[in-house]
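**Student:** I'd like to ask you about the structure that follows.
The values are calculated or read from the model by the stated rules, or taken from the named source; none is laboratory data. Just so we're clear, the structure is a prediction, and the values are computed from it rather than from any experiment. Note: ideal-geometry Cβ built from the backbone for every residue, glycine included; neighbour counts use all protein chains shown.
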């Protein structure tokens, strides 16, 4: 089992009610599998299925089919970015 | 140079940093500011800008690296503010120096387009008593498409 820190930002952080969450998982798994795990285990995890919720693994934007490797440190979920 | 900071920035100082002695033929700069929302002309407007420390800087560096692969640039400077910003405050600076204007203009435009869609920033706007997260604009995503043609 590997420990992975999951962090949330902006409106998703408010909807989930958490800024971060530590999970212990059998890696590798896909980003989509982690998303479903969080939906099942967090009280307000359903927010992760909201429209346009994006993800990153160790600071790289990812899709649900991307793999979270054994040495991953941090996964993030967040709404579409709105900088500039 | 890439900076994400709460403090305001000095455009003149950033411009001087972009100048490379004897080689600079063009500098293109963009400054984004907070404006009064047109539908609430009498309300106090402000933004709270959140970012993802580490990822945001990484995103910006990748965008700048991509621009430097596409065009022969002398220097690039990106400064983006975070925290609470009010009407007329500066939000973002993108500056590019090059030997010729075409690459300076294009690279500056390219960097802003990608910054809007591929850098981890989120805006929450407040109008009077109401606060809400700003939705991403479809036009920003469409702006990226012209760079892949």
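**Student:** Scanning for something at pLDDT 95 or above and either closer than 19 Å to residue B:2 by Cβ or assigned to a helix (DSSP H, G or I) (or both), does region B:131-139 turn up at least one residue?
**Tutor:** Checked against the condition, which is being at pLDDT 95 or above and either closer than 19 Å to residue B:2 by Cβ or assigned to a helix (DSSP H, G or I) (or both), region B:131-139 yields no hits at all.
**Student:** Name the pairs: first residue in region A:52-66 and within 12 Å of chain B (Cβ to nearest Cβ) and free of Cβ contacts under 8 Å to residues at least 24 places away in the same chain, second residue assigned to a loop (DSSP other than H, G, I, E, B) and crowded, with 16+ Cβ neighbours inside 10 Å, Cβ to Cβ under 7 Å, at least 6 apart or on different chains?
**Tutor:** A:58/A:72
**Student:** Return a yes/no flag: does region B:24-40 have any residue that is surrounded by fewer than 19 Cβ atoms within 10 Å (Cβ to Cβ), touching a residue at least 12 places away in the same chain (Cβ under 8 Å) and part of a helix (DSSP H, G or I).
**Tutor:** no
**Student:** Looking at (1) within 14 Å of chain B (Cβ to nearest Cβ); (2) in contact with a strand residue (DSSP E or B) (Cβ under 7 Å, 6 or more places away or on another chain), which is the only condition residue A:34 fails?
**Tutor:** With respect to (1) within 14 Å of chain B (Cβ to nearest Cβ); (2) in contact with a strand residue (DSSP E or B) (Cβ under 7 Å, 6 or more places away or on another chain), residue A:34 is out only on (1).
**Student:** Let me ask you something else. Taking the stated definitions as given, is residue A:19 in contact with a helix residue (DSSP H, G or I) (Cβ under 7 Å, 6 or more places away or on another chain) and farther than 21 Å from residue B:135 by Cβ?
**Tutor:** yes
The rows are residues; the columns are (1) within 12 Å of chain A (Cβ to nearest Cβ); (2) assigned to a strand (DSSP E or B); (3) surrounded by fewer than 21 Cβ atoms within 10 Å (Cβ to Cβ).
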residue: B:12; (1), (2), (3): no, no, yes
residue: B:21; (1), (2), (3): no, no, yes
residue: B:61; (1), (2), (3): yes, no, yes
residue: B:66; (1), (2), (3): no, no, yes
residue: B:92; (1), (2), (3): yes, yes, no
residue: B:104; (1), (2), (3): no, no, no
residue: B:116; (1), (2), (3): yes, no, no
